[in-house]
Amino acid sequence: MKALPGKKVLRLSVLAVSLVALAACSSLTGSNVSVGRTGDNPAPNVVPAGTEPDDEVIGRREHPRIIAAYGGVYEDRQAEIMVARIVGRLLAAANQPNAQFQVTILDTSEVNAFALPGGYIYVTRGILALASDTSELAAVLAHEIAHVTLRHARARTDKTRNTQIVDRVITGIFGGDTSTDATANRTRQSLAAFSQNQELEADREGIKFAGKAGYDSQAAARFLGVMSRFAAFSAGTTKGDDGFLSSHPSTPSRIETAMSTARGMFGNAGGGETDREGYLSAISGLAFGDSPAQGTIVGQRFIHSASKFTFSVPQGYTLQNSQSAVVGVAGDGEAVRFDSAAVQPNMALTDYLKSGWIAGLKADSVTAHNYNGIDMASGLAQTDQWFFRVAVMRLDGEVYRFIFAAKADSQRFEQGAETTIQSFRRTDPADLNQIRQLSIRLVTAKAGDNADNLARQMADIAGGRDLFYILNNLLPGDPVVAGQRYKIVAPR
């Protein structure tokens, strides 16, 4: 659950730019490439809805919304300089040396990269952690630059204008204004994804740009393979990822096409730059996983150190911290969603529950409570296929919401929802001590080591051994090179 500047949690209205503190830009290369950095500068004026914008205006309008949706800008000077240098080389290779591009590293563990019209390119720290050398990151960036130069980003924006009718058929617990519904917003983003043909076209152009810039032309195929492995690994813990791994599916045919394209353009030998050691040095110390400022999952508990609250869900629920909410799914068809909402300070919580944003609310079920010194209200709702238990609470001026869903009501479902609601409280030092901040570390292989030896150093991380193999594009039992460095994830 992403945190906004001022220690505010991302609201359900994920596109509310008035809540965003925008990044300032610092030029790192002397070229027309800049990397977004956080700062005290206010957001620029946002173009009013309905304006017919050109490319630059589209990017400027959407940029603060992207920053809000992905947890802010990640600051790492070494990584920023590396990214800016790569983009500068790629632009020259793409015959765009004078183009204005702004590259932003987003503070999220999600593996994602995308572009907006007007030269806005985004990579997440999650994708920086997954890549193993400069050529792999160059392949990702070249792909996104290709989307811009091929005008795909503008075409995608035009397509979005024609999908507004979909807002009218979004159903579920949210019965109110879909423009403030994170589910609706995510649906619009999905509808605006690039087509398969556009992705393949960007693959071809990106491979050409990267190869002409002197990078290993086989890196695109190699990294698509790594992403395929990571997607399979993530499927065991994070269902329904809708970022780069679904919009850029790493199918075997796509990987083979990328390899064939690279061979056709640059020959079988490849031989371009990889700069593995330089890349690893640049990402050493990179934060890994959820940022404590955005909330941390510890078993069945969610702890938000910035906003100073915590809660626990019953055994059987698997929690996931997504872009706009914390969600949990139980194997027996139950689910819970936790998020926050903009509510006027003088509005009673019971009145907010009855204000029309809940479809099928049973108004006579709404009651007020106070648990752990926190004012709350709860109620029941029912639609054709789902039964809901909903609760809201106000803490330090912020309003948070629990939405529990099941196919049918039961005593166990009721008890689980009630226990979770009553567990919502302020954090104490013992809670904060449970938070482990993880980062990318480098270890040097010794003579006699193999992949299994090094993977054991991540044995205390959930799924750590499998993750080690993926992060380093190795398989169990693979040899490693003595004196060469490899990535591990370890507490800071």
Exercise. Hey, among the residues in the stretch 371-393 that are modelled with pLDDT of 95 or more and not in a strand (DSSP E or B), which one's most open to solvent (accessible area, probe 1.4 Å)?
Worked result: Asn372
Problem set entry | Subset of the stretch 465-479 [in contact with a Lys or Arg (Cβ under 9 Å, 6 or more places away or on another chain) and open to solvent by less than 50 Å² (accessible area, probe 1.4 Å)] | Phe468, Tyr469, Ile470, Leu471, Asn472
For this session: Go through the stretch 53-99 and give me each residue that's open to solvent by 40 Å² or more (accessible area, probe 1.4 Å), in a helix (DSSP H, G or I) and under 15 Å from Val123 (Cβ atoms).
Result: Gln78, Ile81, Arg85
For this session: Give the number of residues within the stretch 394-409 that are over 30 Å from Asn346 (Cβ atoms) and part of a loop (DSSP other than H, G, I, E, B).
Result: 3
Exercise. Can you tell me which residues in the stretch 420-435 are out of contact with any strand residue (DSSP E or B) (no Cβ under 8 Å at 6 or more places or on another chain) and assigned to a helix (DSSP H, G or I)?
Worked result: Pro429, Ala430, Asn433
Exercise. When residues of the stretch 105-132 are filtered for being more than 18 Å from Gln294 (Cβ to Cβ), open to solvent by 10 Å² or more (accessible area, probe 1.4 Å) and either without any contact (Cβ under 8 Å) to a residue 40 or more places away in the chain or not in a strand (DSSP E or B) (or both), how many remain?
Worked result: 2
Exercise. Looking at the stretch 331-370, which of its residues are assigned to a loop (DSSP other than H, G, I, E, B) and charged (D, E, K, R)?
Worked result: Asp332, Glu334, Lys354
Problem set entry | Lone qualifier among Ala368, Ala342, Ala359, Ala405 - being small (Gly, Ala, Ser), modelled with pLDDT of 90 or more and open to solvent by less than 30 Å² (accessible area, probe 1.4 Å) | Ala405
Exercise. In the stretch 313-330, how many are of a type in the set (Gly, Ala, Ser) and either in a loop (DSSP other than H, G, I, E, B) or over 22 Å from Gly295 (Cβ atoms) (or both)?
Worked result: 4
Exercise. Tell me, which residue of the stretch 413-439 that is among the hydroxyl-bearing types (Ser, Thr, Tyr) and open to solvent by less than 60 Å² (accessible area, probe 1.4 Å) is nearest to Ala335 (Cα to Cα)?
Worked result: Thr420
Exercise. Going through the stretch 410-439 one residue at a time, which ones are more than 24 Å from Asp351 (Cα to Cα) and acidic (Asp, Glu)?
Worked result: Asp428, Asp431
Seminar exercise, completed: The correct count of residues that are of a type in the set (Asp, Glu) and more than 26 Å from Leu128 (Cβ to Cβ) in the stretch 416-466 is 3
Exercise. For the stretch 214-312, which fully contained helices (runs of 4 or more DSSP H) count at least 1 residues that are at pLDDT below 85, farther than 30 Å from Arg485 by Cα and open to solvent by less than 60 Å² (accessible area, probe 1.4 Å)?
Worked result: 244-247
Exercise. What do you reckon, is Val443 assigned to a strand (DSSP E or B) and open to solvent by less than 10 Å² (accessible area, probe 1.4 Å)?
Worked result: no
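The values are calculated or read from the model by the stated rules, or taken from the named source; none is laboratory data. Computed from a prediction, not measured in an experiment: that's the story for all the values here. Because the Cβ atoms are built from the backbone with ideal geometry, glycine has one as well, and the counts that use them run over all protein chains shown. When the accessible area is computed, the model is the full protein with side chains, heavy atoms only, and any ligands, DNA or RNA have been set aside. Shrake-Rupley method; radii C 1.70, N 1.55, O 1.52, S 1.80 Å.
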